[in-house]
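Structure record follows, encoded as structure tokens.
The values are calculated or read from the model by the stated rules, or taken from the named source; none is laboratory data. None of the values given here were measured: they were computed from a predicted structure. Don't worry about glycine lacking a Cβ; one is built from the backbone with ideal geometry, like all the others, and counts go over all protein chains shown. The area values use the complete protein model at the heavy-atom level, side chains included, leaving out ligands, DNA and RNA. Shrake-Rupley method; radii C 1.70, N 1.55, O 1.52, S 1.80 Å.
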Amino acid sequence: MDQSDGIVLVGCGNMGFALLEGWVGRAGIAADRIHVIEPMDQLRNRAAAAGATVYADAGELPQALRPRAVIVAVKPQVIGAVLGAYRRFSGKAVFISIAAGVPIARFEATLGETAIVRAMPNMPASIGLGVIAAFANVHTDDGQMAEVTGLLGAVGNVHWLNEETLVDAATAISGSGPAYLFHFMECLEEAAIAVGLPAATAQALSSQTVCGAAALASASAFSPADLRRQVTSPNGTTAAALDIFTAEPSLGDLVKRAAIAAHRRALELAVG
Ligand SMILES: NC(=O)c1ccc[n+]([C@@H]2O[C@H](COP(=O)([O-])OP(=O)(O)OC[C@H]3O[C@@H](n4cnc5c(N)ncnc54)[C@H](OP(=O)(O)O)[C@@H]3O)[C@@H](O)[C@H]2O)c1
């Protein structure tokens with residue numbers, strides 16, 4: 001096999017596999033050009049079944065391999081132990097880290113002056129509907145940024161940030177955000193039961209309402225605020241509910257406090 005121009009994927013858990021599926025299924029990248037290092041048999045076998053070239057350990061990678069990108073998708077706690085094995089690709093490949101809270105400086109300490117992108121994807125990436133906030137260090141050139149936009153764009157929309165600290169802010173919004181919406185679905189389901197709906201109906205109505213509203217907001221030319229006004233007649237049922245959401249403490253205040261707490265925690269984890 002030609003060993004130039006492939007992709008190295010370090011770690012093929014939840015997010016690593018979502019990327020692999022996106023590259024093969026949506027970006028049309030030849031699966032065998034994706035070199036996956038994954039110590040867990042089950043996850044390695046899953047990657048192999050998707051067509052990737054797999055290894056249990058970085059030491060098994062062919063010496064002649066010249067990847068254009070190295071994606072680091074392991075848990076933040078193991079980055080320090082894992083990274084050294086990929087130093088030989090430094091200065092040639094662009095490194096992409098999706099590890100929450102690990103600053104680029106930590107990568108540069110091991111890899112030296114090389115192109116490194118720190119990215120924050122989110123869970124809907126697993127169905128190609130993610131959003132990815134990304135920041136590139138000064139050693140990343142335009143061609144490499146286009147390359148990264150293509151690779152991460154296979155699982156969602158890529159938004160470039162011009163300051164690294166904003167990755168932690170994005171973590172509090174789009175990284176953790178799906179869980180906020182899942183929690184809202186849970187709350188709506190509980191409310192549905194409280195107003196008398198049977199459990200199965202409560203679950204179906206609440207989850208489809210959130211999915212349908214999100215799809216509509218995404219497809220519509222109107223802003224969420226416009227859409228809200230369109231479905232709220234004065235003195236009607238929706239207005240009665242929104243009066244509760246906007247009374248103290250308002251839903252807006254709670255969401256802001258929640259995001260600030262997530263941001264603070266992202267910063268704590270980054271220095272920890
Ligand atoms: N999942 C998300 O929604 C999400 C969102 C944003 C960012 N992230 C970030 O993405 C990263 C991965 O998260 P995840 O949810 O995909 O975690 P995960 O499912 O635990 O996947 C990480 C995988 O890497 C493997 N691994 C450990 N050491 C390795 C090594 N030396 N070489 C190669 N692979 C190794 C792990 O194996 P073991 O289990 O044996 O350790 C595991 O299978 C994290 O840094 C996280 O912060 C995830």
Of the conditions (1) out of contact with any helix residue (DSSP H, G or I) (no Cβ under 8 Å at 6 or more places or on another chain); (2) at pLDDT below 95, Gly6 satisfies every one except a single condition; which number is it?
(1)
Can you work out which of the residues in region 49-65 that are surrounded by fewer than 12 Cβ atoms within 10 Å (Cβ to Cβ) and in a loop (DSSP other than H, G, I, E, B) is farthest from the ligand (Cβ to nearest atom)?
Ala64
Complete set of residues in region 10-30 that are more than 11 Å from the ligand (Cβ to nearest atom) and either open to solvent by 10 Å² or more (accessible area, probe 1.4 Å) or free of Cβ contacts under 8 Å to residues at least 24 places away in the same chain (or both):
Glu21, Val24, Gly25, Arg26, Ala27, Gly28, Ile29, Ala30
Single condition Glu38 does not satisfy, out of (1) touching a Gly at 6+ places or on another chain (Cβ under 7 Å); (2) crowded, with 22+ Cβ neighbours inside 10 Å; (3) closer than 23 Å to Ala115 by Cβ:
(3)
Residue satisfying condition, being open to solvent by less than 60 Å² (accessible area, probe 1.4 Å), touching a strand residue (DSSP E or B) at 6+ places or on another chain (Cβ under 7 Å), within 14 Å of the ligand (Cβ to nearest atom) and in the same structural domain as Glu60 (by TED's automatic domain parsing), within set Pro103, Pro124, Pro76:
Pro124
Scan Arg46, Arg68, Arg87, Arg33 and give me the residue that is surrounded by 13 or more Cβ atoms within 10 Å (Cβ to Cβ) and out of contact with any Asp or Glu (no Cβ under 8 Å at 6 or more places or on another chain).
Arg46
Among the residues of region 150-190, count how many are open to solvent by 50 Å² or more (accessible area, probe 1.4 Å) and in a helix (DSSP H, G or I).
14
Which residues, taken from region 223-249, are outside any helix (DSSP H, G or I) and under 32 Å from the mean Cα position of the chain (by Cα)?
Ser223, Val231, Pro249
For Arg118, all conditions in the list (1) surrounded by 20 or more Cβ atoms within 10 Å (Cβ to Cβ); (2) closer than 24 Å to Asp32 by Cα; (3) touching a helix residue (DSSP H, G or I) at 6+ places or on another chain (Cβ under 6 Å) hold save one; what is the number of the exception?
(2)
In region 36-45, what residues are near the ligand (Cβ under 10 Å from one of its atoms) and either of a type in the set (A, V, I, L, M) or part of a helix (DSSP H, G or I) (or both)?
Val36, Ile37, Met40, Asp41, Gln42, Leu43, Arg44
For Glu147, state whether it is open to solvent by 10 Å² or more (accessible area, probe 1.4 Å), out of contact with any Ser or Thr (no Cβ under 8 Å at 6 or more places or on another chain), part of a helix (DSSP H, G or I) and closer than 21 Å to Glu108 by Cα.
yes
Got a number for residues in region 251-272 being open to solvent by less than 50 Å² (accessible area, probe 1.4 Å) and outside any helix (DSSP H, G or I)?
0
For region 108-115, indicate whether the set of residues that are of a type in the set (Val, Ile, Thr) and part of a loop (DSSP other than H, G, I, E, B) is non-empty.
yes
